[in-house]
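A.B. asks: Take a look at this one; I'll ask things after.
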Amino acid sequence: MASLLLCHSPFSGHCVVPFRSKSKVSFSGGYRSVRCAGDRQALFSRIAPVYDNLNDLLSLGQHRVWKRMAVSWSGAKEGDCVLDLCCGSGDLTFLLSEKIGSRGKVTGLDFSKNQLLVASFRQDLLWKACYKNIVWVEGDALDLPFPNGYFDAITIGYGLRNLVDRSKAMKEMFRVLKPGSRVSILDFNKSTEQFTTTIQEWMIDNVVVPVASNYNLAKEYTYLKSSIREFLTGRELEELAMEVGFSSAKHYEIAGGLMGNLVATR
């Protein structure tokens, strides 16, 4: 069964998941509030039960390809200790688990308890032996409960855009990464090309929201356009990564410029 109470390390061996005392975290959410936009946290809790089905429908399954690319760019390898930040229902977490194998350890952290419950259920439903290396943490991406220089790789899929302080989030990712390790950040691309932006917004208005309305979630998905407009361009993401201390940063446009992936090395 999946681990649901995460106040202490459930692991033994070379890679345990220690929690800093000032940031004690419980899956049951009893120790501290998570700093994030409250409406965003509530939104992801509401859509959790149908989140995966919607992702498949809205991307025609292509999101699985993009997520495999993100994991590959992270540089995670067999036996590593890795973090999937803003893990949601666990797509990237499971891919990381398969990548690093049973000798590695994966932590999936998210602010939404409902999303983590879905992820935990999927861990049991989609059972593979390597999935025993996964632990789920309800926590704050702006105050990660891990020591400095701890992880060999970090992924974050469609999460940075929704955080209230992206600079602080990047600093925290930098802090918990080992020197020479990478973070791979997949999200919608804020294009500098008007044609791409027009296509992206047309798809949100004419595909995403209508499909979401079939699940009574049209209102929940209308935020996408504004969140992308308020996001950073690829160049701005590269600059942010360098400002917080990463030694290199490269943003790749994928899916015809509709999506993007930042790869930054500590």
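The values are calculated or read from the model by the stated rules, or taken from the named source; none is laboratory data. Predicted model, so just to flag it, every value in this text is computed and none were measured. Please note: Cβ atoms are built from the backbone with ideal geometry, for glycine as well, and neighbour counts cover all protein chains shown. These accessible areas exclude ligands, DNA and RNA; they are computed on the full protein's heavy atoms, side chains included. Shrake-Rupley method; radii C 1.70, N 1.55, O 1.52, S 1.80 Å.
A.B. asks: Somewhere in segment 252-260, is a residue open to solvent by less than 20 Å² (accessible area, probe 1.4 Å) and without any contact (Cβ under 8 Å) to a residue 40 or more places away in the chain?
C.D. replies: no
A.B. asks: Only one of these is in a loop (DSSP other than H, G, I, E, B), among the aliphatic types (A, V, I, L, M) and under 26 Å from HIS251 (Cβ atoms): ALA76, ALA70. Name it.
C.D. replies: Residue meeting the stated conditions: ALA76.
A.B. asks: Let me ask something additional. Kindly provide the set of residues from segment 68-114 that are of a type in the set (Phe, Trp, Tyr) and under 13 Å from THR155 (Cβ atoms), ordered by number.
C.D. replies: Residues of segment 68-114 of a type in the set (Phe, Trp, Tyr): 73, 94, 111.
Residues satisfying the conditions are TRP73, PHE94.
A.B. asks: Name every residue in segment 190-229 that is over 20 Å from TYR252 (Cα atoms), open to solvent by less than 60 Å² (accessible area, probe 1.4 Å) and in a loop (DSSP other than H, G, I, E, B), in order of residue number.
C.D. replies: Across segment 190-229, the qualifying residue is only LEU217.
A.B. asks: Now for a different question. So the check is Cβ under 7 Å with 6+ separation or different chains; which pairs have a first residue in segment 201-215 that's on the phi < 0 side of the Ramachandran plot and a second one that's in a helix (DSSP H, G or I) and open to solvent by 50 Å² or more (accessible area, probe 1.4 Å)?
C.D. replies: Final answer for the pair search is VAL211/LEU57.
Every residue, every condition in (1) open to solvent by 20 Å² or more (accessible area, probe 1.4 Å); (2) part of a helix (DSSP H, G or I); (3) of a type in the set (A, V, I, L, M, F, W, C), yes or no:
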site	(1), (2), (3)
TRP127	yes, no, yes
TYR131	no, yes, no
ASP143	yes, no, no
PHE146	no, no, yes
GLY149	yes, no, no
ALA153	no, no, yes
LYS168	yes, yes, no
PRO179	yes, no, no
ILE185	no, no, yes
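A.B. asks: Just to check your reading of the model, which residue among LEU83, LEU96 is in a strand (DSSP E or B), closer than 22 Å to ARG175 by Cα and either in contact with a Gly (Cβ under 6 Å, 6 or more places away or on another chain) or not aromatic (Phe, Trp, Tyr) (or both)?
C.D. replies: LEU83
A.B. asks: What are the residues in segment 240-251 that are in contact with a strand residue (DSSP E or B) (Cβ under 7 Å, 6 or more places away or on another chain) and either crowded, with 16+ Cβ neighbours inside 10 Å or not in a strand (DSSP E or B) (or both), if any?
C.D. replies: ALA241, MET242, PHE246, SER247, ALA249, HIS251
A.B. asks: I've got another one for you. For segment 230-239, name all the residues that are open to solvent by less than 50 Å² (accessible area, probe 1.4 Å) and either part of a helix (DSSP H, G or I) or among the polar types (S, T, N, Q) (or both).
C.D. replies: THR233, GLY234, LEU237, GLU238
A.B. asks: Right, another one. Among the residues of segment 216-251, what is the count of those that are among the small types (Gly, Ala, Ser) and in contact (Cβ under 8 Å) with a residue 60 or more places away in the chain?
C.D. replies: Step one: of segment 216-251, the residues among the small types (Gly, Ala, Ser) are 218, 226-227, 234, 241, 245, 247-249.
Retained after the next criterion (residues that are in contact (Cβ under 8 Å) with a residue 60 or more places away in the chain): 227, 241, 245.
Total satisfying the criteria: 3.
A.B. asks: Here is a follow-up. Looking at ASN214, ASN114, ASN162, ASN148, which one is at pLDDT below 95 and farther than 21 Å from ASP91 by Cβ?
C.D. replies: Working: ASN114 fails: farther than 21 Å from ASP91 by Cβ; ASN162 fails: farther than 21 Å from ASP91 by Cβ; ASN148 fails: at pLDDT below 95.
From the options ASN214, ASN114, ASN162, ASN148, the qualifying one is ASN214.
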